[in-house]
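To keep things clear, I will list the structure first and then write my remarks on it.
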Amino acid sequence: MLTGFQNIGRIPELKRRILQTLFLLAVYRIGAHIPTPGINTEALSAFFKAAKGTLLGLFDMFSGGAMSQLSVFALGIMPYISASIILQLLTVVVPTLERLSKEGEAGRRKITQYTRYGTVVLSTIQGFFISIGLEGMTGPGGELVVLTPGWSFRIITVITLTAGTAFIMWLGEQITERGIGNGISLIIFAGIVAGIPSAVQNTVRLVNSGEMSLFVMLFLTVMMVVIVAFIIFMERGQRRIMVQYAKRVVGRRVYGGQSTHIPLKINTSGVIPPIFASSIIMFPATVANFVPVDWVQWVANALDPGAWLYSILYVAFIIFFCYFYTAIVFNPVDVADNMKKYGGFIPGIRPGRPTAEYIDKVLSRITLGGAIYVSAVCVLPTVMIQQFNVPFYFGGTALLIVIGVAMDTLGQIEAHMLSRHYEGFLKKGRIRGRR
């Protein structure tokens, strides 16, 4: 492992990419501490301390603490993710977008441009409702959160939050293009990891004050290790379908005859389902939290983490997006056609349509197992928060994202090293990411 990290410094391009990634993430973290004008940050922070364990606390976790300070990056990257969800759903039902998705790089650039426009629109809507809600909020002592309420504050807040989200979106694209790893995922990763020190500090405080026993803390630590090991085991798990290639004689040469396999991952969709599910639930629930209407407040309470409606919708969205995203990234018909083109077949299965149906059947079964596993990991911390009353920030969706992004990034770093004839991080085997 140490040798692998030492080899990073011997590859100039890889070293430059890692340094650029760290620099851009540092810029993001600095921006998360720049407050929006006209806000009483102390009163707002006190309000969010009381909201720990609720949907606002979850939103604050994904923004890396930027929401509790209403910094310029308070909305985080969630509007971009919401816009991506909408565009991917529309791609299935709108013929024009479907044609663009099949036009290669030019079509993808056009869809990316539409996603950016959608991000700005969603950021504007969220920023407006947040500004209205902030005007009616007060701290524990009755002090106003907004120093000078009115349209001037609302306009400034909308412009600031929208510009902050657009800048984060640009940072993510720069990390993907010039750095290492997926930029959007790394920004979410940085926001979650930034909350670890405060979560550890709060847990130690509970132990010192006697509100949590030492045995419970040790039990939670062991559970964390078990959950991490389970997630890594499941993310590396795959179902291998054996493929045999027939021998072909071309002139005096014989081609084919070898056997290989199609690796189908248990969780093909990776961290996308929990992120998409959280984003979809967060958007209406966050707006509802700032609208002082009785039935709207009922909706906000019903969508708080731990509520039965939230849990049901969360699991349902995770299962849906596991199948939806898997269908987007893996097409059994294309795989079967390519196998038939090059003389490949699955033993006992006829080439062509029967092969595609067989692969689709196997993929559907293992995707169900992967969806149940992802749902269980994401819902388990909610149960533990209710039972032990601790800020379990590094669990569930957060832990799944952190481990997945770490595996993906390390896998890309190792690929750069192996392509230049250096050893990877592991002497035996390779680090396989989610994708």
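The values are calculated or read from the model by the stated rules, or taken from the named source; none is laboratory data. Just so it is clear, the structure is predicted and the values come from calculations on it, not from any experiment. All Cβ positions, even for glycine, are placed from backbone atoms using ideal geometry, and neighbour counts span all protein chains on display.
Yes or no, residue by residue, for (1) within 24 Å of Gly369 (Cβ to Cβ); (2) at pLDDT 75 or above:
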{"residue": "Asn208", "(1), (2)": "no, yes"}
{"residue": "Met217", "(1), (2)": "no, yes"}
{"residue": "Val225", "(1), (2)": "yes, yes"}
{"residue": "Lys247", "(1), (2)": "no, no"}
{"residue": "Arg252", "(1), (2)": "no, no"}
{"residue": "Lys265", "(1), (2)": "yes, yes"}
{"residue": "Val287", "(1), (2)": "no, no"}
{"residue": "Val291", "(1), (2)": "no, no"}
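Regarding Lys361, is this residue part of a helix (DSSP H, G or I), modelled with pLDDT of 85 or more and of a type in the set (Lys, Arg)? Yes, satisfied. Annotation: Thr367 fulfils all but one of (1) at pLDDT below 80; (2) within 24 Å of Pro273 (Cα to Cα); the unmet one is (1). Exactly one residue among Thr36, Thr21, Thr3 is among the polar types (S, T, N, Q), out of contact with any strand residue (DSSP E or B) (no Cβ under 6 Å at 6 or more places or on another chain) and at pLDDT below 80, and that residue is Thr3. Taking Ser68 as the residue in question, decide whether it is modelled with pLDDT under 80, in contact with a Lys or Arg (Cβ under 9 Å, 6 or more places away or on another chain) and part of a helix (DSSP H, G or I). For Ser68, the condition - modelled with pLDDT under 80, in contact with a Lys or Arg (Cβ under 9 Å, 6 or more places away or on another chain) and part of a helix (DSSP H, G or I) - is met. Tell me yes or no: at least one residue of the range 107-123 is touching a residue at least 60 places away in the same chain (Cβ under 8 Å) and either surrounded by fewer than 17 Cβ atoms within 10 Å (Cβ to Cβ) or assigned by TED's automatic domain parsing to the domain that holds His33 (or both). Yes; the residues of the range 107-123 include at least one that is touching a residue at least 60 places away in the same chain (Cβ under 8 Å) and either surrounded by fewer than 17 Cβ atoms within 10 Å (Cβ to Cβ) or assigned by TED's automatic domain parsing to the domain that holds His33 (or both). Scanning the range 323-351 for residues that are among the hydrophobic types (A, V, I, L, M, F, W, C), farther than 30 Å from Val374 by Cα and in a loop (DSSP other than H, G, I, E, B) yields a total of 1. In this structure, Thr176 does satisfy being part of a helix (DSSP H, G or I), without any contact (Cβ under 8 Å) to a residue 40 or more places away in the chain and under 20 Å from the mean Cα position of the chain (by Cα).
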